[in-house]
Amino acid sequence: MFNFTVRRLLFTIPTLLFISFVIFFILDAAPSDPTGNLPLTIPPDVREKIRASLGLDQPMIVRYLLWCKQFFINEPLNLLDQWGLHLGDPDRLRVISFQTRSPVVDMIAERMPQTLWVVGMSYVVGVMIALPIGIISAVRQYSWFDQLGTFISMIGFSVPTFFTGVLMIVVFSTIVPRDSFFWFPSIYDTTLKVTDWASFGAQVRQMAMPVFVLALYNAAQISRFMRASMLDNLNQDYVRTARAKGLRERTVLLVHVLRNSLIPVITVIALGVPQVFGGAIITEQVFKVNGLGQLLIIAIQGGDIPTVQTLTFIFAVLIVLFNLIADILYGILDPRIRYD
Amino acid sequence: MPEGAAPILDVSGLKTVFTTRSGEVHAVNSVSFNLAPGELLGVVGESGSGKSVTMMSLIGLLPSPPAEIRGGTAMFDGHDMLAMSQDELRQIRGSRIGFVFQDPMTSLNPVFSVGFQLMEPLRVHMNMNKAQARARAIELLELVGIPDAESRLDNFPHQFSGGMRQRVMIAIALACDPQILIADEPTTALDVTIQAQILELVKELRQKLGMAIIWITHDLGVIAGIADRVRVMYGGQVVEQAPVRELFSNPLHPYTRALLETLPGFVGARSKRLRTIEGQPPSLDRQPTSCPFRTRCRHANDQCARENPPIRTIANGHDVACFWRPDA
């Protein structure tokens, strides 16, 4: 298993380099212009100078290698600097956003907590409610619980989050009176600091709606996978053997069937994690959560190539990484799979 | 076989019905039989004749719905198993009645080690701790002839061959010293040499442990080799039961006779073609009111269509459900 992991990790290096090049190539081929949002009164020759100052007069391959140097060498060295380990010249060039002229990595670090809290929490909540729902739906197949679960999953899966999000805002932020217990803020306030119970309550309240909207969407998918996987396993011969051994029905279901059923579901859950970092872009936009998703949208709109490139690449890293994690989990959960 | 000993299991009038979308299926119709302590009862019949369903009904292993037990009693050790709660049945399953199923490739849980699966009944029924259960599990694996038992305990089912897995299944079934072992076509999925090994093993274990065995199969050759008494099932009913020698030398029911004729003989001149039983097994969509074998029977007459022949004792321990008499 260890050899397999190391081999796979080494293999990710060329994969990721290739991905970063493809992203860079596609961004370069896109007709977006970083100076496009500037006032029209700026004459073309000044515009050209601005572009040159951003390094856009260089050939594509040079700009790509420059980004590689900034991202793969300078940024890690800078990180080491912050930890007190100084290597080489501290005055190195970092990946700088076209729009804000601040280092992209710092911008990402600023926005990461909001995304992790809101979107990450919604994923955790989604999984936590999806697994029991899937299990019960399968064990009590065609019961009213199963029918209700199917109905809610269908809604959660087919109604887009920008609709449920806005619907929630209409109901819980406008129709419900402001002083009611059921009123929830529609805008996420990043400046809120949790210092006491009151501010903690406010934090929970402002997270509630985006978390609910995203959790519904995630749970809808995962509960279906869980249900199908349980049903596949419930009719297996080993379940009959477990019952014939006189085990309690709980043990049969929650030890024998569940362990087998979780194998495909864990993969689906692990592969869904990068989306958390991707930040459920639309939902962040609806609830004004200034997370990574929103950063990506703004950067795309402003033609901020270094930010888009860096963010997209980080998502790619996460996807590759969680693919690997899913494979390793597979090997741990299923003894028939051995990577030797 | 102890003659006249009180039966350990006495089933009478068992009826099991499955409710399906296209109507009811009467899988087991008024089946009665008993099992003496230490006896090996063979149950033969074609697919769908109700062999397995009878046994599954007794012990509450059929999913309900669709299955429903409509009547009968099954006295085991003075208690009616059909009247027991699921929890009482659960305590009998795996501890006093052990099971071995047909397909050893799928009957073991692939994600747990063989030792874990073997120790489960020991810990549930005999309240053993981990160390005790482990010691007993090693003993059991040795009992069923798995070499190097101690290290094999931590292996997973996919690391065993089919025959070895069936040995593990037998070890699980025997874990708590059951009084009855129900073996549901345990050798059907194995190749012939492995089958012979398993049969030898069961014979040997029976002598060592002395439990009663119900052996479900459709292989008459296996039955001839190991059974004390044979019960032939057809269309969800018992059509004939007799001690094994008596049944093979003097079969009375036309179905049993036909079954025996479908086997190639080992002595004397062989017929050019093997006999086949023409026609299809009966559909079991309602309670039988006539003989279920009538449409395929060479000796059927009007009476067979009017009423279902009751099972009658012809000779000592030889029962048959047929109006026709071979010697008449």
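Where the Cα atoms of the protein assembly as shown are projected onto their three principal axes, how long is each span, largest first, in whole Å?
Per principal axis, max minus min of the Cα coordinates gives 120, 59, 55 Å.
If you take each beta carbon of peptide A:325-337 and count the beta carbons of other chains within 10 angstrom, what is the mean? Display every interim value, and only then the final one.
On the way: counts 0, 0, 0, 0, 0, 0, 0, 0, 1, 4, 9, 6, 1.
The mean count of partner-chain Cβ atoms within 10 Å per residue comes to 2.
May I ask for the percentage of alpha-carbon pairs in chain B that lie more than 38 Å from each other? Mind dumping the intermediate values first?
Values: 9121 of 53628 pairs.
I get 17 percent for the Cα pairs in chain B exceeding 38 Å.
How big is the convex hull of the Cα atoms of the range A:1-117, per residue, in Å³? Before the final figure, lay out the partial values.
Values: hull volume 20.8 nm³, N = 117.
About 178 Å³ per residue, rounded to a whole number.
Report the one residue of B:Gly45, B:Ile182, B:Leu62 whose Cα lies farthest in the direction of the positive end of the charge dipole of chain B (charges on C-beta: Lys and Arg +1, Asp and Glu -1; origin at the Cα centre).
B:Gly45
Per the Kirkwood formula on distinct C-alpha pairs, the Rh of the range B:283-328 is how many angstrom?
Numbers: mean 1/r = 0.0866 Å⁻¹.
So the Kirkwood estimate lands at 11.5 Å.
Apply the a/c threshold of 1.5 to the C-alpha gyration tensor of the range B:217-328 and tell me whether it is rounded, prolate or oblate.
On the way: a/c = 1.66, a/b = 1.34, b/c = 1.24.
Prolate shape, in that a/c is at least 1.5 and a/b is the bigger ratio.
Among rounded, prolate and oblate, which fits chain A when a ≥ b ≥ c are the square roots of the eigenvalues of its C-alpha gyration tensor, a/c under 1.5 means rounded, and a/b larger than b/c means prolate? Walk me through the numbers on the way to the answer.
Values: a/c = 2.39, a/b = 1.48, b/c = 1.61.
Taking the square roots of the gyration eigenvalues as a ≥ b ≥ c, chain A is oblate.
Quick one: of the DSSP bridges fully inside chain B, what percent are antiparallel, nearest 5? Display every interim value, and only then the final one.
Values: 30 of 49 bridges.
Expressed as a percentage, antiparallel bridges in chain B total about 60.
Give the long-range amide H neighbours of B:Tyr234: residues separated by 5 or more places, or on another chain, with amide H under 5 Å away, using H modelled in the peptide plane at 1.01 Å from N.
Residues meeting the amide H criterion: B:Val239.
Calculate the dipole size of the range A:189-340 relative to its Cα centre from +1 charges on Lys and Arg beta carbons and -1 charges on Asp and Glu beta carbons; express the result in debye to the nearest 20. It would help to have the intermediate numbers written out before the result.
Numbers: 13 positive and 10 negative charges, 150 e Å.
Computed charge dipole of the range A:189-340: roughly 720 debye.
Which one, B:Leu263, B:Leu220, A:Ser53, is farthest towards the positive end of the dipole of the protein assembly as shown when Lys and Arg carry +1 and Asp and Glu -1 on their Cβ?
B:Leu263
Can you work out the Karplus-derived ³J(HN,Hα) for every residue in the range A:54-70? Use 6.51 cos²θ - 1.76 cosθ + 1.60 with θ = phi - 60°, whole Hz, and x for glycine or proline.
7, x, 7, 7, 6, x, 4, 5, 5, 5, 5, 5, 5, 5, 4, 5, 5
Would you mind putting B:146-152, B:195-201, A:133-139, A:168-174 in packing order, based on average other-beta-carbon counts within 10 Å, highest first?
Working: B:146-152: 14.0, B:195-201: 17.3, A:133-139: 22.1, A:168-174: 15.7.
Ranked by mean Cβ neighbours within 10 Å, highest first: A:133-139, B:195-201, A:168-174, B:146-152.
Quick check: from the Cα gyration tensor, does the range A:247-340 come out rounded (a/c under 1.5), prolate or oblate? Walk me through the numbers on the way to the answer.
Working: a/c = 6.80, a/b = 2.16, b/c = 3.15.
Since a/c reaches 1.5 but b/c is at least a/b, the shape of the range A:247-340 is classed as oblate.
Given H placed 1.01 Å from N in the peptide plane, which residues other than close sequence neighbours of B:Met84 have an amide H under 5 Å from its amide H?
For B:Met84, no residues qualify.
Quick one: which residues, 5+ away or cross-chain, put their amide H under 5 Å from the amide H of B:Leu181? H built at 1.01 Å from N.
The answer is B:Gly98, B:Ala212, B:Ile213, B:Ile214.
Relative contact order for chain A: what percent, with Cα pairs under 8 Å and sequence separation of 6 or more? Write out the running numbers ahead of the final one.
Working: 364 pairs, mean separation 91.1, N = 340.
Contact order relative to length: 27 percent.
Got a sec to turn the phi values of the range A:202-208 into Karplus ³J(HN,Hα) couplings, 6.51 cos²θ - 1.76 cosθ + 1.60 with θ = phi - 60°, whole Hz, x for Gly and Pro?
3J(HN,Hα) across the range A:202-208, in whole Hz: 5, 5, 4, 5, 6, 7, 4.
Lone cysteines in chain B, defined as no other cysteine's Cβ under 4.7 Å from theirs: which are they?
B:Cys176, B:Cys297, B:Cys322
Go through the range A:212-220 residue by residue and turn each phi into a ³J(HN,Hα) via Karplus (6.51, -1.76, 1.60, θ = phi - 60°); whole Hz please, and just put x for glycine and proline.
Rounded to whole hertz, the list is 4, 4, 6, 5, 4, 5, 5, 4, 4.
Compute the FRET efficiency between B:Glu88 and B:Glu139 as 1/(1 + (r/R0)^6), taking r as their Cβ-Cβ distance and R0 = 45 Å, and round to the nearest 0.05. Provide the component values of the computation, followed by the final result.
Numbers: r = 28 Å, r/R0 = 0.63.
Working from the Cβ atoms, E equals 0.95.
Can you tell me which of A:265-273, B:301-309 comes out highest on packing, and rank the rest after it, using the mean Cβ neighbours within 10 Å? Mind showing how you got there, number by number?
Details: A:265-273: 18.7, B:301-309: 13.9.
Most protected by this proxy first, the peptides run A:265-273, B:301-309.
Output the peptides B:118-128, B:174-184, B:66-76 sorted from most to least packed, where packing is the average of other Cβ atoms within 10 Å over each peptide's residues.
Values: B:118-128: 20.5, B:174-184: 22.7, B:66-76: 16.8.
The peptides rank, most packed first, as B:174-184, B:118-128, B:66-76.
Could you point to the residue in B:Gln86, A:Ile314, A:Ile108 farthest towards the positive end of the protein assembly as shown's charge dipole, with +1 and -1 charges on the Cβ of Lys/Arg and Asp/Glu respectively?
Ranked along the dipole, the leading option is B:Gln86.
Residue by residue through A:233-242, how many Cβ atoms from other chains fall within 10 Å of the Cβ on average? The partial results should precede the final answer.
Values: counts 1, 1, 1, 4, 9, 10, 2, 9, 13, 8.
Per residue, the average neighbour count from other chains is 6.
When the helices in chain B are scored as -39500 (n - 2.57) per DSSP H run of 4 or longer and the sum is shared across all residues, what 222 nm value do you end up with, to the nearest 500 deg cm²/dmol? Mind dumping the intermediate values first?
Values: 12 runs with 107 residues, N = 328.
Theoretical 222 nm ellipticity from helices: -9000 deg cm²/dmol.
Rounded to a whole number, what % of the accessible area of the protein assembly as shown do carbon and sulfur atoms account for, probe 1.4 Å?
Numbers: 20440 of 33200 Å².
The nonpolar share, carbon plus sulfur, comes to 62 percent.
For A:Phe182 and A:Ala208 in one chain, what is 0.36 nm times their gap in residues minus the Cα-Cα distance, to one decimal in nm? Could you put the intermediate results ahead of the total?
Details: separation 26, 0.36 × 26 = 9.36 nm, distance 1.09 nm.
Going from the current span to full extension adds 8.3 nm.
Rg and Dmax in Å for the range A:223-286, alpha carbons only: what are they?
Rg, Dmax (Cα atoms, Å): 16.6, 54.
The values are calculated or read from the model by the stated rules, or taken from the named source; none is laboratory data. Remember, it's a predicted structure, so these values are computed and weren't measured experimentally. Cβ coordinates were reconstructed from backbone atoms using ideal geometry, including for glycine residues, and neighbour counts include every protein chain displayed. Heads up: the accessible areas ignore ligands, DNA and RNA and are worked out on the full protein's heavy atoms, side chains in. Shrake-Rupley method; radii C 1.70, N 1.55, O 1.52, S 1.80 Å.
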